[in-house]
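Student: Here you go, one structure.
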Amino acid sequence: MKTKAIFYHAGCPVCVSAEQQLAGALDPQRYDVEIVNFAETPQRIAEAERAGVVSVPAFVIGGSPFHINFGASMADVKGG
């Protein structure tokens, strides 16, 4: 069974670079990768926060958050 890996980002250059480099590097035989761009799906921000995401870009893999690089805080993503 594959492990769910959700990559959350805000669409900024740092996030897009991380998406291209890291999300694509996960073994598709082991991970079911989903990309969530908040610029396209802002309704998923609360979901990311509930999962423990405090800045983006970030992965949530198997229910655990992993912050890759500080691109933007969730407050910045929400416009606050």
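Student: Quick one: which residue in ALA58, ALA18, ALA5 is assigned to a helix (DSSP H, G or I) and of a type in the set (A, V, I, L, M)? Lay out the reasoning, then the answer.
Tutor: On the way: ALA58 fails: assigned to a helix (DSSP H, G or I); ALA5 fails: assigned to a helix (DSSP H, G or I).
Step by step, each of ALA58, ALA18, ALA5 is checked, and only ALA18 is assigned to a helix (DSSP H, G or I) and of a type in the set (A, V, I, L, M).
Student: Continuing with this model, one more query. Which of the residues belonging to the range 14-56 are β-branched (Val, Ile, Thr) and out of contact with any His (no Cβ under 9 Å at 6 or more places or on another chain)?
Tutor: Step one: of the range 14-56, the residues β-branched (Val, Ile, Thr) are 14, 16, 33, 35-36, 41, 45, 53-54, 56.
Passing the criteria: VAL14, VAL33, THR41, ILE45.
Student: May I ask you to verify whether ALA39 is small (Gly, Ala, Ser), surrounded by fewer than 12 Cβ atoms within 10 Å (Cβ to Cβ) and over 20 Å from MET1 (Cα atoms)?
Tutor: yes
Student: Quick one: is ILE45 more than 8 Å from TYR8 (Cβ to Cβ), hydrophobic (A, V, I, L, M, F, W, C), out of contact with any strand residue (DSSP E or B) (no Cβ under 8 Å at 6 or more places or on another chain) and surrounded by 13 or more Cβ atoms within 10 Å (Cβ to Cβ)?
Tutor: Working: more than 8 Å from TYR8 (Cβ to Cβ): yes; hydrophobic (A, V, I, L, M, F, W, C): yes; out of contact with any strand residue (DSSP E or B) (no Cβ under 8 Å at 6 or more places or on another chain): yes; surrounded by 13 or more Cβ atoms within 10 Å (Cβ to Cβ): yes.
Against the criterion (more than 8 Å from TYR8 (Cβ to Cβ), hydrophobic (A, V, I, L, M, F, W, C), out of contact with any strand residue (DSSP E or B) (no Cβ under 8 Å at 6 or more places or on another chain) and surrounded by 13 or more Cβ atoms within 10 Å (Cβ to Cβ)), ILE45 qualifies.
Student: Checking the conditions here, which among ALA39, ALA58, ALA18, ALA51 is touching a residue at least 24 places away in the same chain (Cβ under 8 Å) and in contact with a helix residue (DSSP H, G or I) (Cβ under 8 Å, 6 or more places away or on another chain)?
Tutor: Values: ALA39 fails: in contact with a helix residue (DSSP H, G or I) (Cβ under 8 Å, 6 or more places away or on another chain); ALA18 fails: in contact with a helix residue (DSSP H, G or I) (Cβ under 8 Å, 6 or more places away or on another chain); ALA51 fails: in contact with a helix residue (DSSP H, G or I) (Cβ under 8 Å, 6 or more places away or on another chain).
Step by step, each of ALA39, ALA58, ALA18, ALA51 is checked, and only ALA58 is touching a residue at least 24 places away in the same chain (Cβ under 8 Å) and in contact with a helix residue (DSSP H, G or I) (Cβ under 8 Å, 6 or more places away or on another chain).
Student: What's the number of the condition ASP32 fails, among (1) among the acidic types (Asp, Glu); (2) surrounded by fewer than 18 Cβ atoms within 10 Å (Cβ to Cβ); (3) in a helix (DSSP H, G or I)?
Tutor: (3)
Student: Same structure, new question: Within the range 19-36, how many residues turn out to be within 13 Å of ILE6 (Cβ to Cβ) and out of contact with any Leu (no Cβ under 7 Å at 6 or more places or on another chain)?
Tutor: Residues of the range 19-36 that are within 13 Å of ILE6 (Cβ to Cβ), as a first pass: 19, 22-23, 26, 31-36.
Keeping just the survivors that are out of contact with any Leu (no Cβ under 7 Å at 6 or more places or on another chain) gives 19, 22-23, 26, 31-32, 34-36.
Final tally of qualifying residues: 9.
No lab work stands behind these numbers, since they all come straight from the coordinates. For clarity, every value in this text was computed on a predicted model and none was experimentally measured. With ideal geometry, Cβ positions are generated from the backbone for all residues, glycine too; neighbour counts draw on all protein chains shown.
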